[in-house]
Structure formats: structure tokens, C-alpha cells
1. Considering only the stretch 109-146, state which residues are in contact with a helix residue (DSSP H, G or I) (Cβ under 6 Å, 6 or more places away or on another chain) and of a type in the set (Phe, Trp, Tyr).
2. Residue by residue through the stretch 173-195, note down the ones that are of a type in the set (Phe, Trp, Tyr) and buried (at least 20 other Cβ atoms within 10 Å of the Cβ).
3. Kindly check whether there is at least one residue in the stretch 137-154 that is within 11 Å of the ligand (Cβ to nearest atom), among the polar types (S, T, N, Q) and modelled with pLDDT of 95 or more.
4. For ARG206, are the conditions met, namely being touching a helix residue (DSSP H, G or I) at 6+ places or on another chain (Cβ under 6 Å) and within 16 Å of the ligand (Cβ to nearest atom)?
5. So if I check each of GLU20, GLU33, which one is away from the ligand (no atom under 16 Å from the Cβ), assigned to a helix (DSSP H, G or I) and at pLDDT below 95?
Amino acid sequence: MIREFGARGLDLARSVPDIEAMTDPRPLSPNPETLEFLLSRRSRPPRMLGPEVPDDATLRNLLTAALRVPDHGKLEPWRLIVVRRAAIERLAALTRTRGAELGISPERIEKDASGFDTAHLIVAVISAPKPSDKVPETEQYASAASACLSLLNATLASGWGAVWLTGWRATDRTFLTQGLDLFPHETVAGFIHIGNEIRTPPDRPRPDVDALTTWIDE
Ligand SMILES: Cc1cc2nc3c(=O)[nH]c(=O)nc-3n(C[C@H](O)[C@H](O)[C@H](O)COP(=O)(O)O)c2cc1C
């Protein structure tokens, strides 16, 4: 499903439909291409992402798709931070200093930092739970995680490589405050790395649906 990329002259800005223009209510109809995408989609790890990234208009469409997710109580318990190259470099440096402060092994720190060293575009999906008597924080986090998957899938469906990462930097208070200026109640539900695909990863074994599904009739 992943197309070939800009280096071969394709107009990447045209790869995503204008979601905001699609406001007419439409009756449901089969969409086999979308289903085929969902049945075959897979992430592209950071080492298989190149330096090309979507332009701002394309990215904004992907972000719009990301936030079109189920949201119990319409609380909007999420927000997005687009992290571009200079900011990613700053976060890579912070990974090294903060990782050492935390006593994380040098090997682990280098592995974590190297994912930022090579990234050219990361969208941080922020879990930002709202006070609510009705909607527990677990459900609000589920909506933020849904935004991560929607962004990942919209990006892949547009022909860009992407992957969802977290790790200690998603929850370490010092990293979140110094690196992303988050409020104390906020964490990162996902760092979505985006770039052009330079290699296609082999698929991994997929779950056995029959072993994991129970059908109940009464
Ligand atoms: C919430 C979440 C956090 C993840 N964090 C990491 C991570 O920090 N490092 C990593 O190597 N993979 C991480 N992964 C796994 C990658 O996203 C992995 O490449 C993915 O499971 C591939 O699945 P797919 O091919 O079905 O998209 C995470 C996955 C999820 C759902």
C-alpha cells in the first residue's frame, strides 16, 4: 500500500484528500481499499524513515484525521505538538542529559537518543485529561491513544512511513516540562515519528484472531 516517494517526483502534497472539505453526511458504503489497508498496514521503525516529511498543509490534514476520534463526553482530552528538526535535536540532547541523571544505562540512552538524532518530524500526541465526574481518566487516555493510532494510520495511508513510540520520555516529569513545556497533568500518549520510507520492514507474526476471540450467543 505504501507508494513510492518524492525523490521519484510524486507530488506528496496531493497524497491526502482535503478532509475539511468532506463535511457532507455520506451514507455508508463499502470501501474495500480502506479495508485492505487496515488488513495489511504496518509501522515503519525509525531506522527505516528518511528525511523527507509532509509539507505543512498535508500534515495539517493528517492532524485533522488524528483528532477525529471517539471522545466520551466531548472532552477533547488531548492536544498535539509538532516537533520539527531543531526542536528534535534539543530533545535528543535532553535525552542524553536527563537519561544520565536517571541512571539509565549508556547503551539504552544512545538507543533512545538515536531515534531522535535521525528524526525530521515527530508529532507528540499529548494526553491532557479534563476534570469529569462522568468520564474516567482511563477512558480519556483511551481517546488519546486512539488519536495516536488515527495519526499513524492516516500517515501510512498517505504513503508516508510512521511509527508510534513512547518509553521513559513519555512520562518523565522533568523531560516533559523541560522538553515540551507540558502541564503537570499531561503526559505523552505517543511520539509519532514521520518520514519517507527508505526500506520496507518485513511483517511480524500477527495475532491468531480465532485464539483470541470468543463468540457468545446466549
Ligand atoms: C503505546 C505504544 C508504545 C510503544 N512504544 C515503543 C517504543 O518506545 N519503542 C519501540 O521500539 N516500540 C514501541 N512500540 C511498538 C512500535 O510502535 C511497533 O513498531 C509497533 O508495535 C509495530 O506494530 P504495527 O506494525 O502493527 O504498526 C509502541 C507501541 C505502542 C502501542
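1. PHE116
2. Start the filter on the stretch 173-195 by keeping residues that are of a type in the set (Phe, Trp, Tyr), which leaves 175, 183, 191.
The answer is PHE175, PHE191.
3. First, pick out the residues of the stretch 137-154 that are within 11 Å of the ligand (Cβ to nearest atom): 141, 144-145, 148-149, 152-153.
Now restrict to residues that are among the polar types (S, T, N, Q): 153.
Now restrict to residues that are modelled with pLDDT of 95 or more: 153.
Yes, because at least one residue in the stretch 137-154 is within 11 Å of the ligand (Cβ to nearest atom), among the polar types (S, T, N, Q) and modelled with pLDDT of 95 or more.
4. Working: touching a helix residue (DSSP H, G or I) at 6+ places or on another chain (Cβ under 6 Å): no; within 16 Å of the ligand (Cβ to nearest atom): yes.
Against the criterion (touching a helix residue (DSSP H, G or I) at 6+ places or on another chain (Cβ under 6 Å) and within 16 Å of the ligand (Cβ to nearest atom)), ARG206 does not qualify.
5. Details: GLU33 fails: at pLDDT below 95.
None of the others qualify; the one that does is GLU20.
Each row is one residue, and each column tells you yes or no for (1) buried (at least 17 other Cβ atoms within 10 Å of the Cβ); (2) part of a helix (DSSP H, G or I).
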site: GLY103; (1), (2): no, no
site: ALA113; (1), (2): yes, yes
site: VAL123; (1), (2): yes, no
site: PRO131; (1), (2): no, no
site: SER150; (1), (2): yes, yes
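So that you can scan it fast, the table gives a plain yes or no per residue for (1) in a loop (DSSP other than H, G, I, E, B); (2) away from the ligand (no atom under 16 Å from the Cβ):
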position	(1), (2)
ARG42	yes, no
VAL53	yes, yes
LEU59	no, yes
ALA86	no, yes
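Every residue, every condition in (1) farther than 16 Å from ALA65 by Cα; (2) touching a residue at least 40 places away in the same chain (Cβ under 8 Å); (3) touching a His at 6+ places or on another chain (Cβ under 6 Å), yes or no:
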| site | (1), (2), (3) |
| --- | --- |
| GLU139 | yes, yes, yes |
| SER150 | no, yes, no |
| ASP181 | yes, no, no |
| ALA189 | yes, yes, no |
| PRO207 | yes, no, no |
| GLU218 | yes, no, no |
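The values are calculated or read from the model by the stated rules, or taken from the named source; none is laboratory data. Not measured: the values here are computed from a predicted model. For neighbour counting, all protein chains shown are included, and Cβ atoms are generated from backbone atoms with ideal geometry for every residue, glycine included.
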